[in-house]
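Read the structure below first, then the notes.
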Amino acid sequence: MKPDVFKKPVTIFVGLGFPAEVRTVMEAYRHLSEWPVTLRDAAHSIALKACTAALRCEIEAETARGLFVAFADRHDLLAPESATLITSLPQRNKEPHVP
């Protein structure tokens, strides 16, 4: 496994609310770099610095992942896991429809 690959991908919402999996430090760094300058805050700065340090092998990829998750959570970018989505969907009535 490459040193910048996350053990578990982070699923975030991008664009018009489409889920995207972030699997590596480089992908997280790319998302952070593309974040609008006017919306950047301390959480963004910390996550970006962590990704930079992880790319230089100064810290573990999982440390950068944790800070990226904290950033994504703060900005409501985290997508629920698919297993959570499936279990939260309303159950259909299994009775056949009788007119």
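The values are calculated or read from the model by the stated rules, or taken from the named source; none is laboratory data. For clarity, every value in this text was computed on a predicted model and none was experimentally measured. Calculation scope for accessible area: heavy atoms of the full protein, side chains included, ligands and nucleic acids excluded. Shrake-Rupley method; radii C 1.70, N 1.55, O 1.52, S 1.80 Å.
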Whole-Hz ³J(HN,Hα) from phi, Karplus 6.51 cos²θ - 1.76 cosθ + 1.60, for the stretch 64-73, glycine and proline x: 5, 4, x, 6, 5, 4, 4, 4, 4, 5
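Hey, any idea what % of the stretch 1-87's accessible area is carbon plus sulfur with a 1.4 Å probe? Intermediate values should be presented prior to the final figure.
Details: 3330 of 5650 Å².
Heavy-atom surface of the stretch 1-87 belonging to carbon and sulfur, 1.4 Å probe: 59 percent.
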Would you pull out the residues with amide H under 5 Å of THR24's amide H, same chain only if 5 or more places away, H placed 1.01 Å from N? PHE6
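Roughly how many Å² is the accessible area per residue of the stretch 2-57, as a whole number, for a 1.4 Å probe? Could the numbers behind the result be given before it?
On the way: 3530 Å² over 56 residues.
Computed with neighbouring chains in place, this is 63 Å² per residue.
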Can you give me the long-range amide H partners of ALA79? Hydrogens built in the peptide plane at 1.01 Å from N, cutoff under 5 Å, separation of 5 or more residues or another chain. THR11, ILE12, PHE13
Mind listing the phi-derived Karplus ³J(HN,Hα) values for the stretch 42-48, rounded to whole Hz, using 6.51, -1.76 and 1.60 with θ = phi - 60°, and x for any glycine or proline? 4, 4, 5, 4, 5, 5, 5
